[in-house]
Amino acid sequence: MIDELFRDFSHLNKVISSPLKRTVETSSIIASNIKVPIELNSKLYEVGGLFKGSNIFKGATKGWFEKNYPDLILNDKGITDEGWYFENKIEGYEEGRIRTARVLEELRERALKCIFLKKKHDISIF
């Protein structure tokens, strides 16, 4: 049954995940089942940021990810030894919407660039 659940993801070559611990945990289940790596993106997180009450947290550190998920792709320079969330305030809805739109545009541009490069080298994409 699990193979059937992940069959539709078999064309993916990586999972791009938020560095929120619970998201990385879920992403690792998907990635291990479709046998692809996980790449963290420090700009993927819930609107508001990383907080509880009025306390703002910096998130898991690069060292924590390296120890607990050694196969992660950690190219994101926003994930450091101090954490990954460095905003000094709780993000508002409009700020979150703008950030999310930027992240989606960056991911779209990366995908288009990959498709272009693969097509340029005569590799079919499905």
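Observations
- Of the criteria (1) touching a helix residue (DSSP H, G or I) at 6+ places or on another chain (Cβ under 7 Å); (2) at pLDDT 95 or above, which one residue 37 fails: (2)
- Residue 107 meets each of the listed conditions (1) touching a residue at least 12 places away in the same chain (Cβ under 8 Å); (2) assigned to a helix (DSSP H, G or I); (3) more than 15 Å from the chain's Cα centre (by Cα) apart from (3).
- Residues considered: 100, 80, 61. Of these, the only one that is at pLDDT 90 or above, on the phi < 0 side of the Ramachandran plot, among the polar types (S, T, N, Q) and touching a helix residue (DSSP H, G or I) at 6+ places or on another chain (Cβ under 6 Å) is 80.
- Residues (among the acidic types (Asp, Glu) and over 17 Å from residue 57 (Cα atoms)) located in segment 74-96: 76, 94, 95
The values are calculated or read from the model by the stated rules, or taken from the named source; none is laboratory data. Keep in mind it's a predicted model, so treat the numbers as computed, not measured. Please note: Cβ atoms are built from the backbone with ideal geometry, for glycine as well, and neighbour counts cover all protein chains shown.
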